[in-house]
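Okay, so here's the structure we're looking at.
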RNA sequence: GGAGGGCUCGCAUAGUGGCCGAGUGCGGCGGUCUUGAAAACCGCUUCAGGUUUACCCCUGACGUGGGUUCGAAUCCCACGCCCUCCGCCA
C-alpha cells in the first residue's frame, strides 16, 4: 500500500511503477477519489462540530430555544448521516484501490516482463561432474525407502509426499541448522500460527490479488498461510514499537500451504512443487531508512548463501526484474540452487525488501526517539524450505551406491554420520 | 457444546446521561537535588483523520457495529474476543 499523499505528489512515479511491474493501477482515479474523501471528511467534521455546539447550547436554553435546537440538530443529523455514509463507502473504495497500488521498484532492478528478464548477479560452486548416472530425487528416495509418493496421494491427492526414515531426519537437520544459524545472529525463534484470518493476509499483501493461491476454510472463515511471514506480520500488526527495540529479527518456522493453481501441470514430479512444505523464514522489521533496509537485505541474502555454501550446493543469486518481483516489492533477489536431474538452477530462496509497503497495510509502526511515529520497513528471506531443498541436497550429494554424503555442517544433527 | 463473569489511556483501576478524551496508582520519559545512584519533588506520557512551513486549531475513537437522546464510556440491541467451571479432545 502506498500513502495517498505520496501518490498525489508523485503521480508519474507511481504510474511508471505500475507500468514496469505490469500491474493495472489507475492513478488518476485513485487521486480523484482521495480528494473526494478529503472533501467529505471536512464536511463530516464540520457537521459533527455543529452537533456538539448544539448540544452545548441546550442546557442554557429556554423551552422555545430548546425546540429550535432540536430542529436544528435534526436537520444537521440528516445531512451528517448522508455525508457519513458517502464518506464510508468512498473510503472503502479508496482503500480497495490503495491495496492494489504498486511499490516503487529499486532503480537497479532490471526492467522486464517476468522471470526471463532476471539477471544472475553472482554464482557459487560448479555443478558436479558425476562419474555415474545420477538418479533424480524421486528415484533415489524411493530406492532408499526414504519417501512414498503413491501412498501419500491416497490421502492428500496431487503433489503429495510422505518422507520416511532417514529423509525425515535429514529434513529436520536442515531446519535445525537454519534455526541455529539464525539464533547465532540474534534472530528470535518463533513457531507461528498457520491458520490466518483475512486481515493477516491483507496485511502481508497476499490479499487481495493472490486469493487463488491460498487455501481457504470456508466453514471457519480462515486461510492456511503460505509462509511464516503471514504469522509474523500478523503478530506485529497494529502495534507501535519503541524505536529502541528495533531492529526486530525473527526466524519463523512453520508448515506452509499453497494451492499452486497457477502452475497446474508444472513440476508435478516429486518434491519440487508441493502443496504443503516446511520452511524457516527470516523476517526483519527495521527503521524507515532506505540505507538501513538495504543493509538488512544484503545480510539476509548473505545468511541464506552461507547456509547453501555450508550445504555445498552450487547456486546463483538472481536480481529479479520489475515484472517478476510482485506488487509490494522494492527489491527481490532469488537464489536458485542446482538440480542435477533438471540440469538447471531452480528457486530455493527469495529475499525481498518491501520498504514500508507492507508495514503500511499491517499497521506496523515505531515511535522514534523524537516521538514521531513512522511506518517501519519490513524484509523477508527464506532460510531453508523443504522438501525442495532436501531434493537438491540428495541429488547433489548422492553416491554411486545410492547413499548420500552428508555435508559437515549437517553432521552434528545426524549423530555425526558422514554418510546416510 | 452447556453455565457464568468480563472487555476504559503500556499495566492495574475510577467513572451509570452533559463538569470525561477521560481521574488515580504503577510503569516510562525529561528535569531539580546528588560525586554517582536511590529517595523525594516538578513536568510530560494513546492513536487516527483534516488543516498548517511549524505552532495552533477542528474531528473521531472507552472491544466492534447499530439504536435511543439536543447530548452516550455511561441506557438498549447484535456481534466479536477473553476468563472461570462442566463436557469433549491432541
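Quick notes
- Taking segment A:1-85 as the region of interest, the helices (runs of 4 or more DSSP H) fully inside it that hold 2 or more residues being within 9 Å of RNA strand B (Cβ to nearest atom) are A:4-9, A:27-58.
- Complete set of residues in segment A:321-351 that are within 18 Å of the chain's Cα centre (by Cα) and over 16 Å from residue A:205 (Cβ atoms): A:321, A:322, A:323, A:333, A:334, A:335, A:347, A:348, A:349
- The residue list A:91, A:100 contains one member that is more than 10 Å from RNA strand B (Cβ to nearest atom) and closer than 30 Å to residue A:356 by Cα, which is A:100.
- Inter-residue pairs, beta-carbon under 7 Å, first touching a residue at least 12 places away in the same chain (Cβ under 8 Å) and farther than 21 Å from residue A:87 by Cβ and in segment A:45-61, second in a helix (DSSP H, G or I) and near RNA strand B (Cβ under 6 Å from one of its atoms), 6+ apart: A:57/A:69
- Filtered residues of segment A:228-249 (kept if in contact with a helix residue (DSSP H, G or I) (Cβ under 8 Å, 6 or more places away or on another chain), within 15 Å of RNA strand B (Cβ to nearest atom) and within 9 Å of residue A:192 (Cβ to Cβ)): A:234
- Taking segment A:343-420 as the region of interest, the strands (runs of 3 or more DSSP E) fully inside it that hold 3 or more residues being buried (at least 22 other Cβ atoms within 10 Å of the Cβ) and without any contact (Cβ under 8 Å) to a residue 60 or more places away in the chain are A:344-353.
- Scan of segment A:12-33 for residues that are in contact with a helix residue (DSSP H, G or I) (Cβ under 8 Å, 6 or more places away or on another chain) and either surrounded by 19 or more Cβ atoms within 10 Å (Cβ to Cβ) or closer than 13 Å to residue A:100 by Cα (or both), ordered by number: A:14, A:15, A:18, A:24, A:25, A:26, A:27, A:29, A:30, A:33
Where a number appears in this text, it was derived from the coordinates with a stated rule and is not lab data. Note that the structure is predicted; figures quoted are calculated from it, not measured. Because the Cβ atoms are built from the backbone with ideal geometry, glycine has one as well, and the counts that use them run over all protein chains shown.
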